[in-house]
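The structure under discussion appears below in the form of structure tokens.
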Amino acid sequence: MTNSNLKIGQVDLIDDEIAEESIAEEIERIKLERGALILAHNYQPPIIQEIADYVGDSLGLARKAAQTDARVVVFCGVHFMAETAYILSPDKIVLLPEPEAGCPLADMADPESVLKLKEENPDALVVSYVNTTASVKAVSDYCCTSANAAKIVSAVASRKVVFVPDRNLASYVSSVVEKEIIPFPGFCPVHEGILTAQIEQVLQEHPSAEVIAHPECRKEVISMAHYVRSTSGMIDAALSSKANEFVVATEEGMLYPLEKNVHGKRFFPPAGEHICADMKKITLTKVLKSLQTLEPRIVVPDETRIKALRAVERMLELG
């Protein structure tokens, strides 16, 4: 496939592409042999999204994990997502190709801190964002995602809600739901790092662009947004809008599914770099090895899983 007119760098690029194509073909072969399903979050690298059977946000992935008949689930995302898949399907083999792919936001909350808030607010129910560990879900009354947080909080049978762990998502929910929200002081470093000045910088070059923001963003960023959506919700917003250009206030990986699903429109990240390093730890080679070895497996102890399942199932029942 190479020729004498190609420079060394170009040959290397072609070789890399051939290697990636070969690995992707082998992944497909072993996936079918194993009876596996590959799930990928919208923040995953494009090459990972392309080999996935389903790409989506946390809610969509949770539903797929619950509904699939596949014997093996390969989760291309971060640790709490694979845990959630196991909580819903303990009879399946749940694989996380890179076990060190964690979530700084999820790590900010621990069961002891949540229980302390619960004791301080005995008349409140605890709604735990899916971006939490299984042990935190186990001491929560309900789970939610960014897509359904407001709906879940509205539906729970209490006027007061302890919301864990994201203070920015809690602030957004508080602005659209008439309940008292007690926020846990956690935050997503990527979304916390998106500033209004960075969005304004892009809008100077694209003044007709609309702003789509993830609800994990700061309050002042949310106030600039034409749409506040989960990652999958961003695709729907862009499809329904008459605008042709958008500034997308979330992790930069989201630009790929937007460009893939919304044709003829342009998407820009805020100025600066907004990348989740953990989401980029999954590679084709790691996915292949995981399918070959059926490792690393994610397992949640039954005592924790059963308690966490209650909160996750309540979320799925409510939407």
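The values are calculated or read from the model by the stated rules, or taken from the named source; none is laboratory data. Just so it is clear, the structure is predicted and the values come from calculations on it, not from any experiment. FYI the Cβ positions are ideal-geometry reconstructions off the backbone, even for glycines, and counts take in every protein chain you see.
A few comments on the model shown:
- Residues that are within 15 Å of P165 (Cβ to Cβ) and either acidic (D, E) or in a loop (DSSP other than H, G, I, E, B) (or both) occur at least once in the stretch 58-80.
- Within the stretch 89-108, residues that are in a loop (DSSP other than H, G, I, E, B) sit with their Cβ atoms under 7 Å from residues that are at pLDDT 95 or above and of a type in the set (S, T, Y), at 6+ positions apart or across chains, in these pairs: P97/S290.
Okay, residues lined up against (1) of a type in the set (F, W, Y); (2) surrounded by fewer than 17 Cβ atoms within 10 Å (Cβ to Cβ); (3) under 22 Å from the mean Cα position of the chain (by Cα):
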position	(1), (2), (3)
A277	no, yes, yes
I282	no, no, yes
T285	no, yes, yes
D302	no, yes, no
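- Looking across the stretch 37-50, the residues that are crowded, with 22+ Cβ neighbours inside 10 Å and either in a helix (DSSP H, G or I) or β-branched (V, I, T) (or both) come down to I38, I48.
- Residue in the stretch 111-122 that is within 21 Å of I30 (Cβ to Cβ), of a type in the set (K, R) and outside any loop (DSSP other than H, G, I, E, B) present: no
- Single condition K260 does not satisfy, out of (1) charged (D, E, K, R); (2) buried (at least 18 other Cβ atoms within 10 Å of the Cβ); (3) under 30 Å from I93 (Cβ atoms): (2)
- Candidates are the residues of the stretch 182-201 that are surrounded by fewer than 20 Cβ atoms within 10 Å (Cβ to Cβ) and of a type in the set (V, I, T); the one that is farthest from P215 (Cα to Cα) is I182.
Rundown of residues vs (1) free of Cβ contacts under 8 Å to residues at least 12 places away in the same chain; (2) surrounded by fewer than 24 Cβ atoms within 10 Å (Cβ to Cβ); (3) of a type in the set (A, V, I, L, M, F, W, C), yes/no style:
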position: Y129; (1), (2), (3): no, no, no
position: D141; (1), (2), (3): no, yes, no
position: A147; (1), (2), (3): no, yes, yes
position: A150; (1), (2), (3): no, yes, yes
position: K160; (1), (2), (3): no, yes, no
position: V177; (1), (2), (3): no, yes, yes
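- Of all residues in the stretch 238-291, those satisfying the criterion of being under 22 Å from Y227 (Cβ atoms), free of Cβ contacts under 8 Å to residues at least 24 places away in the same chain and among the small types (G, A, S) are S240, G264.
- For the stretch 278-319, filtering for residues that are under 30 Å from V153 (Cα atoms) and part of a loop (DSSP other than H, G, I, E, B) leaves 5.
- Test result for K265, touching an Asp or Glu at 6+ places or on another chain (Cβ under 9 Å), assigned by TED's automatic domain parsing to the domain that holds I30 and charged (D, E, K, R): no
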